[in-house]
Amino acid sequence: MDTTGERFQLATMVLREAARRAPDPARQFEDNVLAHLDGMYAVARRLTRDASIAEDLVHDATIKALRARDQFEPGTNIKAWLLRILTNTFINGYRRVGLERSTFEGAHETGDPVADGWISAASMRAMREPEEEALRPVLRAELSRAVDELPDEFRVALVLCDVEEMSYKEIAEAMGTPIGTVMSRIHRARKILQQKLQQHAIAAGLLREEPDEGSNVVPLAARRAAR
Amino acid sequence: MIPCRDTLRALDAYVDGELEPSHLLSVEQHLVECSSCLERVELARAMKRAIRNEARGERAPSSLRSRIAIAAAAERAIEAEELHPRRAPSWRSALPWAAAASVALAIGGGVRAIGDHHAGSSPKSELLASSASIPLIEDLAGPHAQPLPPEELDPARVTRVFSPIVGVPVRPVSLHHERHGAFSFTGARLFKVQQEPAASLSYNAGDRRVTVVVFDPQRMPKASCCLARRTINAGGEERTVFVGRAKGYSLAVYERDGVGYAVSSDLGENEVLAMAADL
Ligand SMILES: [Zn+2]
């Protein structure tokens, strides 16, 4: 006799029976929540940088959301609401786990985001595919790595913005910060990413570094063309 | 022409479609005149697109879907029970059955020690296999090495919700240590051991932590080769316990009445062993 199988079947039967008798609104709400699992997982994956921790995070956030059904206002954006719960769960419980390397409070907010890390127009152009809006393929893997290395607070803001296209207001609500902070985090994050891409592009031979000041990086392609 | 400096801060908002209409015009005007800022915008857009495309390729694994579906069904069942305590099915109804299964196992093998091979049990259910065993003890020590926030704090709910999922009774019990005193239960969560659901129960006394993993040994295919076999006296009965270290923590694994337990702690092996005897 396969006791495990039988036991499991029994549990499944009980669950099914429970599901059948459960009131409809709960069921509908659950369906609405589960429809966003992929999106939540995609964000969780970028936030946690680890597949199995991402699963735990999505699981926890989903259960929290189901329990907080009464707090959801029908007609509002359920995905933004779910991502807010996910972000909160991440900020409050998951950052201590594993690979974190920054604090959420401040530290990285200082410095003039405008002045440092100037990159010339030609260099920026060289990092894209010619005549296209896409990043050069060799830089895409590097970008992904660079996103993983961002300080938590920058990564959260950028991922919510770029992956899920949440508004600054929604991100501010999710992170519990003013909109201005969200803007500066996103700005700072992109700045860091651009600098890392530039370094990688130089290492990969896409750009050449020149010793003098200012526009010190000239694309190789442009130099070849000039020859 | 507006200087770049005044535009730079607005470029991210522009790329993200967050710029107010009043500001939009002056930024667009600047972009017509300034190729440098235009490049900045194009690069930011290219990066944004690359980040989105990569993340959007991610799909929630089916194991996660089923894990959440089970947990969601349990949530619904609890809610139904709380709303209609009489009509709705009770988790308790599933438990006596699990208990009965445990009794059957006990009759089959006496007090079956972990890893004892005995007639009637499939090789799959044998805990102490010889090979490929490290993932199991690493999994068992996982919740202690990487603690995550608890899903459930209420011991009664832990038993009610987790037992049907794990497949064996999950009961937070009192833990005691002669030197550190009573350990209090701080919460439980579900996780996976070798793709099968298991429960981890967390306890602490001061800054000392103990994690008890409860699992269904019948569902766990692999074994613990790297642990030493000990026989201890647990309340008058002999119990075989496997002791060792995993992920930097002491670990004691044993089976009782068809339920698998793994106790991990930053305490020493002998102390973990003593706790296993108490459980
Ligand atoms: Zn400009």
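A short reminder: the numbers here are calculations on the coordinates, not readings from a lab. What you are looking at is a predicted structure, and each value in this text was computed from that prediction instead of being measured. Note that we place each Cβ from the backbone using ideal geometry, even for glycine, and neighbour counts take in every protein chain shown.
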- Which far-off residues, 5 or more places away or on another chain, put their amide H under 5 Å from the one on B:A234, with H placed in the peptide plane? B:R239
- Query: Sequence-distant or interchain residues sharing an amide H contact under 5 Å with B:G187, placed H: which?
  - Reply: B:S202
- Item | Residue exposure sequence - A:S52, A:S123 - by fewest surrounding Cβ within 10 Å | A:S52, A:S123
- Interchain or sequence-distant (5+) residues whose placed amide H lies within less than 5 Å of the amide H of B:R209 are B:D266
- Item | B:D278-B:R157 FRET efficiency (beta carbon distance; Förster radius 30 Å; 0.05 resolution) | 0.80
